[in-house]
1. Taking springs between alpha-carbon atoms closer than 10 angstrom, which of A:95, A:271, A:330 fluctuates most in the Gaussian network model of chain A?
2. Under a 10 Å cutoff between Cα atoms, tell me which one of A:128, A:205, A:311 has the largest fluctuation in the Gaussian network model of chain A.
3. Residue farthest toward the positive end of the dipole of the protein assembly as shown, with Cβ of Lys/Arg at +1 and Asp/Glu at -1: which of A:48, B:96, B:168?
4. If you keep only loop residues by DSSP, which trypsin sites (Lys or Arg not before Pro) in segment A:81-180 have at most 11 other Cβ atoms within 10 Å of their Cβ?
5. What number, rounded to the nearest 500 deg cm²/dmol, is the helix-based mean residue ellipticity at 222 nm of chain A, given -39500 (n - 2.57) per DSSP H run of at least four residues and division by all its residues?
6. Work from the charge dipole of segment A:246-337 (Cβ charges, +1 for Lys and Arg, -1 for Asp and Glu, about the Cα centre) and give the residue of A:325, A:253, A:310 farthest towards its positive end.
7. What do you get for the angle between helix B:126-139 and the principal long axis of chain B? Use alpha-carbon atoms, 0 to 90 degrees, nearest ten.
8. If you take every DSSP beta bridge whose two residues both sit in chain A, what share of them, in percent to the nearest 5, is antiparallel?
Amino acid sequence: MNSSEGKLKSSSSELDLDRPNIEDYLPSGSSIQEPHGKLRLRDLLDISPALTEAAGAIVDDSFTRCFKSNPPEPWNWNVYLFPLWCCGVVFRYLILFPMRALVLTIGWIIFLSCFIPVHFLLKGNDNLRKKMERALVELICSFFVASWTGVVKYHGPRPSMRPKQVFVANHTSMIDFIILEQMTAFAVIMQKHPGWVGLLQSTILESVGCIWFNRSEAKDREIVTRKLREHSQGADNNPLLIFPEGTCVNNQYSVMFKKGAFELGCTVCPIAIKYNKIFVDAFWNSRKQSFTMHLLQLMTSWAVVCDVWYLEPQNLRPGETPIEFAERDIISVRAGLKKVPWDGYLKYSRPSPKHRERKQQSFAESVLRGLELEEK
Amino acid sequence: MGNTSSMLTQYDIEEVQQHFSQQEIVSLYERFCQLDRNGGGFVSGEEFLSVPEFAVNPLSQRLLTMLDGLNFKEFVAFLSAFSPRATVQQKIEFIFKVYDSDGNGKVTFNDMLDVLHDLTGQFISEQQREQVLTKVLEEAGYTKESLLVMSDFVKILGSSGLKMEVEVPVD
């Protein structure tokens, strides 16, 4: 996974264009006290507003809150409940888990014994091959969902598949993709992962038409935007699924949606996903766990229960910018998520100096004003 | 990290409990563990900078010299100046420490110039900064060569109703 230590660098200016004015959301107006009238020594020495803001950010900040795991409340805290909980643990690990692993293994055997022949033997007959591969990918995803005893309730009419249409959803874990994929074979845009996940990505997911990106590559953005556009225009391609947050968030908050999905000139169909925390906290904290550990955790929990809402397709309104389009609240309202105005990529990079400079500029101007007043 | 408050003993709480209530200390401990990602028992400068709201603050670099490598006890001590129960004297002492980067108890013209530079960035020239600072210093009865000590700061800032408080969220 991406290492966070020692690789932080200032985000490029391209990311700046993505953002609405963060100052609208940060707590106080200007963090630096602006002196009024005559400038005194006190005005220059009193740095308490800036210090207070800094201390406030140290004590609690809206960005870190988005990535806080929220395990369910421990209920095994007394003499009667503890043995019950122990029985539960035994049941989950020694009975449920082997059964689920078995189900998953069977699923993989079936899948591979069908997929490999279809992939190689039907090389000539592309249409049929694509249809079968799509059905097989949906199948293996259903097996995955079964292996966590996934109870997924789909709401709302699923929009009919048309060209020039993209789907966007909030992102909590890579299992979001699997849950959606079991119903419809989407083509998804994903970060390329190492290990067995990467292997699956390059072989099987390739067949449904996935697009890879690399967060750390600066030029990557242009290439990806081009690929997105090409894919969405193609009539034959699987419908495109995009997670505009760009990173996994803990299903209680949602970070800013990147505008990439909203400037393709397509209809955007929002999908909201909300997991029921009572059964398991489905948030994949990629800084704390590998995906394998995350799956094992799911497979040793009671169930993964979630709601999926297919929401009304949206189009760009006349006079609306893609950023404003991306900022529309539809998914977070439906899934009960609190919106936070930070770019999800700040997990991997530092904020641009632009914000600090704005504060510096307003203070500098008031100091200069005070100076001018003196000279009059 | 699991139930972090169980790792904090009553003895630990009493050791650091000067200006914060019991629940606030528990909250601060959870926050400390959240910031201390590699679990080493102290928070590095990098880990503080991973909080975007902190990183965009103009004084962040200056504060990092005070914050780098703090353990939990030092972390609470650092934040105690921002508690509503801290006295004005303690708050002014904190501000003094921020200015007095070499810790010798004296704040020089250059120290003040440096902080002013942090706050104004590239939007004022160095010359204008010097000009402004010299002017207000002289009006207050000091000179460019004056070395300000703690009592000077108390005199200058004490009367102005210093507001420097942070609320610790208690779940």
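Just so it is clear, none of the values below were taken in a lab; they were calculated from the coordinates. Just so you know, these numbers come straight off a predicted model, no measurement behind them. Positions of Cβ are backbone-derived with ideal geometry, glycine not excepted, and every protein chain shown enters the neighbour counts.
1. Evaluated over chain A, the most mobile residue of the options is A:95.
2. In this elastic network of chain A, the residue with the biggest mean-square fluctuation among A:128, A:205, A:311 is A:128.
3. B:168
4. Within segment A:81-180, the qualifying trypsin sites (Lys or Arg not before Pro) (loop, at most 11 other Cβ atoms within 10 Å) are A:123.
5. The helix-only estimate for chain A comes to -12000 deg cm²/dmol at 222 nm.
6. A:253
7. The helix B:126-139 is inclined about 80 degrees to chain B.
8. If I count the DSSP bridges inside chain A, around 20 percent turn out antiparallel.
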